[in-house]
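Throughout, read-outs are computed from the coordinates displayed, never taken from laboratory work. No experiment lies behind these values; they were computed from the predicted model shown. Counting neighbours? That spans all protein chains shown, and the Cβs are built from the backbone with ideal geometry, glycine included.
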Amino acid sequence: MTYPGNGGEWQPQQNPYGQPQQGGYPQTGPQGHPQQGYPQQGQPPQGFPQQGYPQQGFPQQQYGQQYGQPPIGYVGGEPPKKKRTGLVVTAVVAVLALAAGTVATVWALRSSGTQAGAESPSAAANNLLNGLTSGDVLGIANGLAPAEATLIKDYLEASTSEAKRLGIFKSDADPNKMTGLEMKVEGVKFDDAAAVRVNDHLTINKVVEGKLTVTSDAKKIPLTDKLVDALGADFAKAEPQTETIDFAEVKAERDGKPIGIATIKVDDEWYPSIFYTIANVALEEEDLEWPAQGIAPAGAGSAEDAAKQIVEKALDGDIRGVIALLPPDEMGVLQDVGPVILDQVGEVPATDAKLISLETDSKDVTGGKQLTIRKLVLEVDGEQGEITRDGDCYTAKAEGQTQRLCADEIAELVEQQGGRDIPAAAVDVIARVGSRVLKDGIGVVATEVDGKWYVSPFRTYSELYLTLLRGLEAKDVDELIDAIR
């Protein structure tokens, strides 16, 4: 298959910010000095997904977001005020992400296994907004970039199952119904003449008219009665929250720059992309351009080699090499925008550590293989340190000392560190989750794309999160609720 992010030369692009940029992107400061909004020593750039998808800029559901995700995001007080441009643009992206991420989407994709593309970028963007207008969740899901739709499907399918097992969601929750979020799109128009053809596989479509209204209602999420009761009076009093975005007003507020929805070309068909839209927002807000040439993906011959290579490159401060080892279907956006990231980060010095040996155990997980550490040997300043795993026990050796930790020792360790301040029920929960992590092992998930292996950050995070959930039991949720009351 062909994916964005192949690192090849791009066609000349329109520069909406004025004069052409040398080398395909602007030099916003001296080399080696990171600018605001981009990573400082390896942190993700502003506007990129932190845990899959953005959590700000749209009407927040304080007690939970949607079907398929545990309730998150409830914080006290008012959030800090942000400039309107970033909030509104991120709102659109967030809404698209949430619309695509319902359990109804999971159900549809599991049944069909396919996504429907469009013949042109504008048609793909229009299909997406038409789906929002009609409430056609299945159409929205099938219109997303295939890799993004698959990531959402795999993650939500597993996390929803765990949420039901733990008694967070009701067992009879209907996966075909979208709850907690309603969207209404009116009079949306694109300016085809203003569309920016960045290259042969990426086009930014401009929304110039229309309104998008998003209403979130946490009470419609199928939470179990015990969880609703635990959330208390504030939850009972919570009212639906609504926000309307007028695209014409947004254009005026952005000095005539309309909101852009990114579409990408995969196997001769066009799809709207959440990740590329977020990247485009980040670039626009920092007055940066898409680079003339991306970072070419450089996969490994095996999953084990991919894990080893990404550790080596990270230790060497080789950010380009790390980006090249990300999956071109899932993370092609980082490869396409990679030169800008490198320019903003500047030179990253190598660490003092050198990888001597990395041995891993492999097991199949959804979408790839999880590689967990069996033996890791690092050398620092001429001294070697070693971590080995034997069953559910880890042993660390360094500077002539040896420490060993096994799954059945977690409870004792927690009690020693926390003394008498931690309730017995909480100790039991922490011990069980910690034991599950040690038993399953700590590692990364590698995926295969066109015969090469890459390390998937999204799937790595997802597996870690799911491992923590799998360590819990339904009674643990009850005990934790009792402990915090």
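Starting from 0.36 nm per residue, how many nanometres of slack lie between Ala353 and Arg404 once their C-alpha separation is accounted for? Display every interim value, and only then the final one.
On the way: separation 51, 0.36 × 51 = 18.36 nm, distance 2.22 nm.
Full extension from Ala353 to Arg404 adds 16.1 nm.
How much length would be gained if the chain were fully extended between Glu186 and Gln241, taking 0.36 nm per residue of separation minus their Cα-Cα distance, in nm to one decimal?
Taking 0.36 nm per residue and subtracting the Cα distance, the gain is 17.9 nm.
Let me know the volume per residue of the alpha-carbon convex hull for segment 353-484, in Å³.
Spelled out: Cα convex hull of segment 353-484, divided by residues, is 141 Å³.
Apply 1/(1 + (r/R0)^6) to the Cβ-Cβ distance of Asp478 and Glu253, taking R0 = 51 Å, and write down the FRET efficiency to the nearest 0.05.
Calculated value: 0.60.
Averaging over every viewing direction, what projected area does the convex hull of the Cα atoms of segment 286-337 cover, in nm²? The partial results should precede the final answer.
Working: hull surface 16.8 nm².
Mean projected area of the Cα convex hull: 4.2 nm².
For the pair Leu468/Ala233, report the inter-label distance in nm, with labels modelled 7 Å from Cα in the Cβ direction.
Simple spin-label model gives 3.1 nm for this pair.
If segment 242-293 were replaced by its equivalent ellipsoid, with semi-axes equal to the square roots of 5 times the Cα gyration tensor eigenvalues, what would those be, largest first, whole Å?
23, 16, 9
May I ask you to compute the full-extension gain from Lys375 to Lys363, defined as 0.36 nm times their residue separation minus their alpha-carbon distance, rounded to one decimal in nm?
Working it through step by step, the gained length comes to 2.7 nm.
Within the set of other residues whose C-beta is less than 15 Å from the C-beta of Lys211, count the net charge using Lys and Arg as +1 and Asp and Glu as -1. Don't skip to the answer; put the middle values down first.
Working: positive: Lys184, Lys189, Lys251; negative: Glu182, Glu186, Glu209, Glu243, Asp246, Glu249, Glu253.
Here the count lands on -4.
Is the shape of segment 337-399 best called rounded, prolate or oblate, per the rule: a/c under 1.5 gives rounded, else a/b larger than b/c gives prolate, else oblate, with a ≥ b ≥ c the square roots of the Cα gyration tensor eigenvalues?
Judged from the Cα gyration tensor, segment 337-399 comes out oblate (a/c at least 1.5, b/c at or above a/b).
Specify the inter-centroid distance of segment 286-305 and segment 434-484, based on alpha-carbon positions, in whole Å.
26
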